[in-house]
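All remarks here apply to the structure that follows.
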Amino acid sequence: MTGSFARLRRIGNQLLRFGIVGVANTAIYYAVYRLFLVFAPYLLAHVVGWLIATLFSFWMNCIFVFKVRPTLRRLIRFPAAPLVNLAISSFGSVILISWLHMPAEWGTLIAGIIAIPLTFTIAKFVLTGRTDSVGVGRKDAQ
């Protein structure tokens, strides 16, 4: 029972940390997006915000969420997760803003939120090498 409780606690802590980083990452992305939206088209503002947020996300996911050392190899592989997020959120932005006429200030934010679950799964895999999405029964990578 103690081992199961410890695993559940570790999973819960990891998910909480991922959520905290996700909120901070979203805030950074959205601030940059809104800043660039003043003088750039929404897709350009979206990509610039995404690039800056991706660097922040890499660092924090390594150090705070998955507790792995940030390395050049991990940095090179890490964009696989946010690229999936970029594709889903970009396509979602076009649908919500251009097709459904939602305000640009909100459409891209909503599209990004929709992409989060797949982003977590891919980030965990590329940073830790694990295929399990929440680490059940496995020791955290160091």
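The values are calculated or read from the model by the stated rules, or taken from the named source; none is laboratory data. What you see is a predicted model; the values in this text were computed from it and never measured. Heads up, the Cβs are rebuilt from the backbone with ideal geometry, glycines too, and the neighbour counts pull from every protein chain shown. Ligands, DNA and RNA are excluded from the accessible area calculation, which covers all protein heavy atoms including side chains. Shrake-Rupley method; radii C 1.70, N 1.55, O 1.52, S 1.80 Å.
Mind listing just one residue for me: the one in region 24-44 that is without any contact (Cβ under 8 Å) to a residue 24 or more places away in the chain, closer than 17 Å to residue 106 by Cβ and in a helix (DSSP H, G or I) and, of those, nearest to the chain's Cα centre (by Cα)? Only one residue fits best here, namely 27. Within the span defined as region 47-63, one or more residues are touching a Pro at 6+ places or on another chain (Cβ under 7 Å), touching a residue at least 24 places away in the same chain (Cβ under 8 Å), of a type in the set (A, V, I, L, M, F, W, C) and closer than 16 Å to residue 111 by Cα.
Looking at residue 104, is it of a type in the set (A, V, I, L, M, F, W, C) and within 30 Å of residue 13 (Cβ to Cβ)? Considered against the rule, which asks whether it is of a type in the set (A, V, I, L, M, F, W, C) and within 30 Å of residue 13 (Cβ to Cβ), residue 104 comes out as no. Across region 53-86, the qualifying residues are those that are part of a loop (DSSP other than H, G, I, E, B) and of a type in the set (D, E, K, R), and the one among them that is least open to solvent (accessible area, probe 1.4 Å) is 67.
Residues in region 115-127 that are open to solvent by 30 Å² or more (accessible area, probe 1.4 Å) and at pLDDT 85 or above: 122, 125.
For region 1-26, the set of residues classified as farther than 15 Å from residue 124 by Cβ and open to solvent by 60 Å² or more (accessible area, probe 1.4 Å) consists of 1, 2, 5, 7, 8, 9, 20, 23, listed by residue number. Taking region 87-104 as the search range and keeping residues that are over 19 Å from residue 22 (Cβ atoms), aliphatic (A, V, I, L, M) and without any contact (Cβ under 8 Å) to a residue 60 or more places away in the chain, which one is surrounded by the fewest Cβ atoms within 10 Å (Cβ to Cβ)? So, considering only residues that are over 19 Å from residue 22 (Cβ atoms), aliphatic (A, V, I, L, M) and without any contact (Cβ under 8 Å) to a residue 60 or more places away in the chain, the one surrounded by the fewest Cβ atoms within 10 Å (Cβ to Cβ) is 100.
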